[in-house]
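Only one structure is covered here, and it is reproduced in the block below.
The values are calculated or read from the model by the stated rules, or taken from the named source; none is laboratory data. Nothing here was measured: the structure is a model prediction, and the numbers come from that model. Note: ideal-geometry Cβ built from the backbone for every residue, glycine included; neighbour counts use all protein chains shown. We work out accessible area using only protein heavy atoms, side chains counted, and drop any ligands, DNA or RNA first. Shrake-Rupley method; radii C 1.70, N 1.55, O 1.52, S 1.80 Å.
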Amino acid sequence: MSKTAASDQASLNMAHLAPPTTSFMSRLITYGGWAVLIFVLAISFKAVEMDNLPKLFTNSANTQTLLKEYMHPDFSDWRNYVDKMWLTIQIAIWGTVASVIMAVPFSLLCASNIAPQWIVQIARRLMDILRSVNELVLATLFLVAVGPGALAGVLALSLHNAGVLAKLFSEAVEAIDKAPVEGVRATGGNRLHEIVWGVFPQVAPLWTSFALYRFESSARSATVLGLIGAGGIGQVLFDNLNSFDYARTSAIAIVIVVAVTAIDFLSQAIRKRLL
């Protein structure tokens, strides 16, 4: 190899080793984004009362007194706590299953590679509405319709989770490999066959993972729904908080933490087998 060729090869190698560079506009956007974030944090410092943060330490004596009461949980009524926690889990299960049943067809209508664009836009806006309305608001509406109890919690979780899952499911559908779908079409399959044999096998593991995640979230949300009378352990927790019985409140909190942790471990085990 001549010296010129060797020099050219060395220059080419150095070019490959050179650090990547970004354009001036890209750097301007990046720095501008950081500047906007810092500016928003600065102007919202007083609004969120961050200047009161030292009170967390100056009022530590009051906090320590409260924590002492929490450190002595009262499990004398543990059967009732477990029974109410089990009801909360049942609400979460029914709410999740119902939301999956609703989310599957709506996710196909929200997927731009499955449904026509005009249907996609209508379905997505409907799911946006369901997703944006909090479970507490929905539960309040259903409390008026069906009365206090677990059914109001189930219905509220079903609608809210349907909006969330439909979005996640549709994104999974839009990311599928087109080859299996085209293969089903090539064998003479119709649109339904394409979905059943070309789409569902690809998205089923991911859909299951999403559904399990929403079940974990629903178990926590169902606890909160109990505060307004939608069934479950939340009502018992709220009653003990109002009566300043922190020992019983601590016991209820421990039951909730144990149950949610067990659900989390179970969900992780199922996801590992699927993905």
Within the range 75-100, restricting to residues that are within 16 Å of the chain's Cα centre (by Cα) and of a type in the set (A, V, I, L, M), the one that is least open to solvent (accessible area, probe 1.4 Å) is ALA92
Any residue at all in the range 101-117 that's free of Cβ contacts under 8 Å to residues at least 24 places away in the same chain, within 18 Å of LEU212 (Cα to Cα) and open to solvent by 40 Å² or more (accessible area, probe 1.4 Å)? yes
Yes or no: the range 226-233 includes at least one residue that is on the phi < 0 side of the Ramachandran plot, surrounded by 21 or more Cβ atoms within 10 Å (Cβ to Cβ) and out of contact with any Lys or Arg (no Cβ under 9 Å at 6 or more places or on another chain). yes
Taking the range 254-275 as the region of interest, how many residues are surrounded by fewer than 17 Cβ atoms within 10 Å (Cβ to Cβ) and in contact with a Phe, Trp or Tyr (Cβ under 9 Å, 6 or more places away or on another chain)? 2
In this structure, is SER209 under 17 Å from SER107 (Cα atoms), polar (S, T, N, Q) and surrounded by 15 or more Cβ atoms within 10 Å (Cβ to Cβ)? yes
On the basis of being without any contact (Cβ under 8 Å) to a residue 60 or more places away in the chain, touching a helix residue (DSSP H, G or I) at 6+ places or on another chain (Cβ under 8 Å), assigned to a helix (DSSP H, G or I) and closer than 30 Å to MET71 by Cβ, does GLU216 make the cut? yes
Hey, ILE114 hits all of (1) farther than 30 Å from LEU237 by Cα; (2) in a helix (DSSP H, G or I) but one; which does it fall short on? (2)
